[in-house]
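**Q** The structure follows.
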Amino acid sequence: AKPVAVALGVGTQNYTCTAAGNYTSAGAVATLFDLSCLVNDPLGHFATIQEDLFKLPAPARNAIVALAAKTPLNIGAHYFVANPVTGTGISPKFAQAANGGAIFTVLGKKGGIKAPTGNGANVDWLQLAALQGFGSWAQTVFRVDTKLGQPPASCTSAQVNTTITVPYAAKYWFFP
C-alpha cells in the first residue's frame, strides 16, 4: 500500500525523573510537516532533512519551525493522550490540522529497534498500530530517521518527578 502521508515531526520527547534515578517517557509533542513532495527528490533533501534541521542554531531552527507551522506544510500534530481503550497509560496520537483534528489516529507500539544512527542520542525507530476504532487517519505509522530525543542516562534525587523536554525530529510514514 502507498502511504497516505509522509511527515517530518519536529518537537520534543518528554521524560520524567523516577525515584530509581532514571528517566521514563512522559510522551512527546511535535508539529507534523508534509514531506510528500520530497520523497523522490533527486537532490537528496529528503534523506537528510532531519539532520540538516539540527545543524542550525536552536533559535534559528525554532524560528523556522514556528514560521512553517503557519503554512499549509503543517499537516498536523503529534502528542500523547490517555489510552482510550484501557484508560491507563498514555498512547501516541496524530491529528490532522485540517478539520480541527477531527481526523486522527491513536496508536500502540507494535515493534521497534534502536536507532541505527546517533550513537544512542536518537530515539528508537518504531512501528505503531492503530487502536481498534481509533484509526481514521492511518492504521500503521512508522517512525524512522530519528534525530536526537533521548534523555540523559540518569537523574538525581532532587529531580524526582520533574519533567524535561528533549528536542527531536523524525520522519513519520502513515499507511491505511
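The values are calculated or read from the model by the stated rules, or taken from the named source; none is laboratory data. Remember, predicted model here, so these are calculated numbers, not experimental data. No Cβ is skipped: glycine too gets one built from the backbone with ideal geometry, and neighbour counts run over all protein chains shown. Please note that ligands, DNA and RNA were not included when accessible areas were found on the heavy atoms of the full protein model with its side chains. Shrake-Rupley method; radii C 1.70, N 1.55, O 1.52, S 1.80 Å.
**Q** Restricting attention to the stretch 28-55, report how many residues are open to solvent by less than 60 Å² (accessible area, probe 1.4 Å) and outside any helix (DSSP H, G or I).
**A** Looking only at that region, the number is 11.
**Q** Can you tell me which residue among Thr140, Thr163 is more than 23 Å from Val85 (Cβ to Cβ), touching a residue at least 12 places away in the same chain (Cβ under 8 Å) and out of contact with any Lys or Arg (no Cβ under 7 Å at 6 or more places or on another chain)?
**A** The unique qualifying residue is Thr163.
**Q** Would you confirm whether or not the stretch 154-164 contains a residue that is under 21 Å from Glu51 (Cα atoms), surrounded by 12 or more Cβ atoms within 10 Å (Cβ to Cβ) and more than 11 Å from the chain's Cα centre (by Cα)?
**A** Looking only at the stretch 154-164, we keep the residues that are under 21 Å from Glu51 (Cα atoms), and these are none.
No - not one qualifying residue is present in the stretch 154-164.
**Q** Could you please give the count of residues in the stretch 84-119 that are within 17 Å of the chain's Cα centre (by Cα) and open to solvent by less than 70 Å² (accessible area, probe 1.4 Å)?
**A** Result for the stretch 84-119: 18.
**Q** Right, something else. Only one of Ala66, Ala19 is over 30 Å from Ser157 (Cα atoms), hydrophobic (A, V, I, L, M, F, W, C), open to solvent by 40 Å² or more (accessible area, probe 1.4 Å) and at pLDDT 95 or above; which? Steps first, answer last, please.
**A** Details: Ala19 fails: over 30 Å from Ser157 (Cα atoms).
Just a single option satisfies the conditions, and that option is Ala66.
**Q** Additional query: Among the residues of the stretch 71-80, which ones are more than 18 Å from Cys37 (Cα to Cα) and open to solvent by 40 Å² or more (accessible area, probe 1.4 Å)? Full working, then the answer.
**A** Step one: list which residues in the stretch 71-80 are more than 18 Å from Cys37 (Cα to Cα), which gives 77-80.
Of everything in the stretch 71-80, those that are more than 18 Å from Cys37 (Cα to Cα) and open to solvent by 40 Å² or more (accessible area, probe 1.4 Å) turn out to be Tyr79, Phe80.
**Q** Shifting gears a bit: I'd like to know if the stretch 36-56 contains one or more residues that are among the β-branched types (Val, Ile, Thr) and under 20 Å from Ser136 (Cα atoms).
**A** Filtering the stretch 36-56 down to residues among the β-branched types (Val, Ile, Thr) leaves 39, 48-49.
Those still in the list that are under 20 Å from Ser136 (Cα atoms) too: none.
Looking for residues that are among the β-branched types (Val, Ile, Thr) and under 20 Å from Ser136 (Cα atoms), one finds none in the stretch 36-56, hence no.
**Q** Here's a follow-up. Listed residues Gly120, Gly101, Gly149; which is among the small types (Gly, Ala, Ser), under 30 Å from Ala20 (Cβ atoms) and without any contact (Cβ under 8 Å) to a residue 40 or more places away in the chain? Reasoning before the result, please.
**A** Numbers: Gly101 fails: under 30 Å from Ala20 (Cβ atoms); Gly149 fails: without any contact (Cβ under 8 Å) to a residue 40 or more places away in the chain.
After ruling out the rest, the residue left standing is Gly120.
**Q** Within the stretch 120-130, track down each residue that is surrounded by fewer than 18 Cβ atoms within 10 Å (Cβ to Cβ) and closer than 17 Å to Phe174 by Cβ.
**A** Taking the stretch 120-130 first, the residues surrounded by fewer than 18 Cβ atoms within 10 Å (Cβ to Cβ) are 120-121, 124, 127, 129.
Answer for the stretch 120-130, where residues must be surrounded by fewer than 18 Cβ atoms within 10 Å (Cβ to Cβ) and closer than 17 Å to Phe174 by Cβ: Gln127, Ala129.
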